[in-house]
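This report refers to the structure that appears directly beneath it.
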Amino acid sequence: MKRIALVAVMMMLSVFVFAQTYAAAEVKSDPSKAYWRGSKVIGMNVYNQNKEKIGDIYDIVGGADGKIHYLILAHGGFLSIGEKLIPVPWQAVKPGAEKDTLMVNVAKDKLEKAFNFDNNNWPDFMDPTWDAKVNKFYVNP
C-alpha cells in the first residue's frame, strides 16, 4: 500500500514539474505573452534590428485612456550630459532578442533625425499634430 501511495505521489510530482517546465518554455518561446513592470522597463537597454544599442528607457508616457502611448528613449550623451530624449510610440517597441531588452526597428543614423527634447522642455503629448508627426516617423523606418 505504501508503495502504491509513493508511486502516486511521484507521478503527481512529475506531472507538476512537467507542467511548470512546459509553461516556462512556452512563455520564453512566445514573446507576445511577455509582460513588463514599469519599474523594470525604465533603464532597459534598447537595440535596433541590427543589434546596435540605441539607448535606454528613460520614462513611460501614458494617457487618460489608461494606455501606454510612448516610451521615452535616452539616446547619446555621456553621464546624461548631451543626452537626447526621444519619444517612441508604444506600438513601435518589441521585445528584444536578449532578456530584459527591447527592440525598435529604426536605423541609428535615422534615429539622429528623430523628434527629440531635453528633460527641461517636455512636449505637449496631447497635441494631435505632434502625435501624428512622431508616429509617422516610426511607421516607415
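When each of the peptides 48-61, 107-120 is scored by how many other beta carbons lie within 10 Å of its residues on average, the order from highest to lowest is 48-61, 107-120. Fully extending the segment from ASN120 to LYS133, taken as 0.36 nm per residue of separation minus the present Cα-Cα distance, adds 2.6 nm.
If the viscosity is 1.567 mPa s and the temperature 4 °C, what translational diffusion coefficient in µm²/s does Stokes-Einstein give for the range 99-141 when Rh comes from Kirkwood over Cα pairs?
Details: Rh = 12.1 Å.
It comes out at roughly 107 µm²/s.
What does the C-alpha gyration tensor say about the overall shape of the range 43-141? Classify as rounded when a/c is under 1.5, otherwise prolate if a/b is larger than b/c, or oblate. In terms of gyration-tensor shape, rounded.
Greater than 19 Å separation of Cα atoms is the criterion. Which listed pairs, LYS84/LYS110; LYS40/LYS133; LYS53/LYS99; LYS40/LYS136, meet it?
Check vs 19 Å cut-off fails for LYS40/LYS133; LYS40/LYS136.
Just so you know, all these numbers are worked out from the coordinates, no wet-lab data involved. On a predicted model such as this, the values are computed, not experimentally measured, just so you know. Virtual Cβ from ideal backbone geometry, glycine too; neighbours counted across all protein chains shown.
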